[in-house]
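Input: a single structure, listed below in structure tokens.
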Amino acid sequence: MTEQIVKLPDANATQQLGIYLGTSLTAGSVILLTGDLGSGKTTFVQGLAQGMGIVDAIVSPTFTIINEYFSGRLPLYHLDLYRLTSADVDDLQLESYWSGIESELGIVAIEWAERLSYLPDDYMRIELTYDSIDHRIAKISNFLTAEGAESAEKDRG
Ligand SMILES: Nc1ncnc2c1ncn2[C@@H]1O[C@H](COP(=O)(O)OP(=O)(O)O)[C@@H](O)[C@H]1O
Ligand SMILES: [Mg+2]
């Protein structure tokens, strides 16, 4: 696991972090976003979408749970689990998004990822915290479970 701390002095910095990842992440990437209301999760996803070349306006999926965008270099699946219980989340069968079995592989960004009861084999976690009114801090870590490491090994041949 690698861990990085990034200072985000304003909303634009949070968007820029999203843009950077939106231009560089590959299909099948999963980003788990955690942090209080207003910590910048949706702001980050707006940058992510911009970096992916998505032209649609990104609106928070708090009520729709999942918004899907197909106008960028990869599909973007934007989820917000705020209103769900763990049992609701189980019913959603979210692994279909990151396995690419029922949906085309893209980038999956999940707000309120603390609600997930199961995790992908390989993911990036971004924990956003308040520092002061505008200032946020992102703690970014990459996780690869034993299963993920094994399948990466197989992919290398
Ligand atoms: N450094 C920052 N990063 C992200 N958002 C910030 C920052 N500073 C101020 N803001 C403001 O805080 C709010 C964050 O809202 P939003 O991205 O919807 O948060 P969340 O999805 O985590 O609830 C926005 O109004 C944004 O303009
Ligand atoms: Mg949000």
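Among the listed residues Gly28, Gly35, which satisfies the condition of being near ligand 1 (Cβ under 10 Å from one of its atoms) and either small (Gly, Ala, Ser) or modelled with pLDDT under 95 (or both)?
Gly35
Sort through Tyr97, Tyr130, Tyr118 and tell me the only one that's touching a strand residue (DSSP E or B) at 6+ places or on another chain (Cβ under 7 Å) and more than 25 Å from Ile5 (Cβ to Cβ).
Tyr97
Within the stretch 57-81, track down each residue that is at pLDDT below 95, exposed (fewer than 15 other Cβ atoms within 10 Å of the Cβ) and not aliphatic (A, V, I, L, M).
Thr62, Phe63, Thr64
Counting only residues that are of a type in the set (D, E, K, R) and either within 12 Å of the chain's Cα centre (by Cα) or surrounded by 14 or more Cβ atoms within 10 Å (Cβ to Cβ) (or both), how many does the stretch 33-56 have?
Within the stretch 33-56, residues that are of a type in the set (D, E, K, R) and either within 12 Å of the chain's Cα centre (by Cα) or surrounded by 14 or more Cβ atoms within 10 Å (Cβ to Cβ) (or both) number 1.
Mind checking which pairs have a first residue in the stretch 98-114 that is within 16 Å of Asp36 (Cβ to Cβ) and a second that is within 13 Å of ligand 2 (Cβ to nearest atom) and of a type in the set (Lys, Arg), Cβ under 6 Å, 6 or more apart or different chains?
Close Cβ pairs (under 6 Å, with a partner that is within 13 Å of ligand 2 (Cβ to nearest atom) and of a type in the set (Lys, Arg)) amount to Glu111/Lys41.
How do the pairs read when you match residues in the stretch 31-53 that are closer than 17 Å to Tyr97 by Cα with residues anywhere that are near ligand 2 (Cβ under 8 Å from one of its atoms), using Cβ under 6 Å and keeping only pairs 6 or more apart or on different chains?
Every condition considered, the pairs that remain are Leu33/Lys41; Leu33/Glu111.
Looking at the stretch 128-142, I want the residues that are farther than 13 Å from Thr14 by Cα and have a partner that is part of a loop (DSSP other than H, G, I, E, B) and away from ligand 2 (no atom under 16 Å from the Cβ) with Cβ atoms under 6 Å, at least 6 apart or on another chain. Which pairs are those?
Listed by first residue and then by second, the contacts come to Ser141/Met1.
Restricting attention to the stretch 18-36, report how many residues are hydroxyl-bearing (Ser, Thr, Tyr) and within 12 Å of Gly53 (Cα to Cα). If you could, list the steps in order and put the result at the bottom.
Of all residues in the stretch 18-36, those hydroxyl-bearing (Ser, Thr, Tyr) come to 20, 23-24, 26, 29, 34.
If we keep only those that are within 12 Å of Gly53 (Cα to Cα) too, we end up with 20, 23-24.
Of the residues in that region, 3 qualify.
When only residues in the stretch 1-25 that are in contact with a strand residue (DSSP E or B) (Cβ under 8 Å, 6 or more places away or on another chain) and within 13 Å of ligand 1 (Cβ to nearest atom) count, which is nearest to Pro75 (Cα to Cα)?
Leu17
The values are calculated or read from the model by the stated rules, or taken from the named source; none is laboratory data. Small disclaimer: the values here were computed from a predicted structure and weren't measured. Using ideal geometry, Cβ is built from the backbone for each residue, glycine included, and neighbour counts are taken over all protein chains shown.
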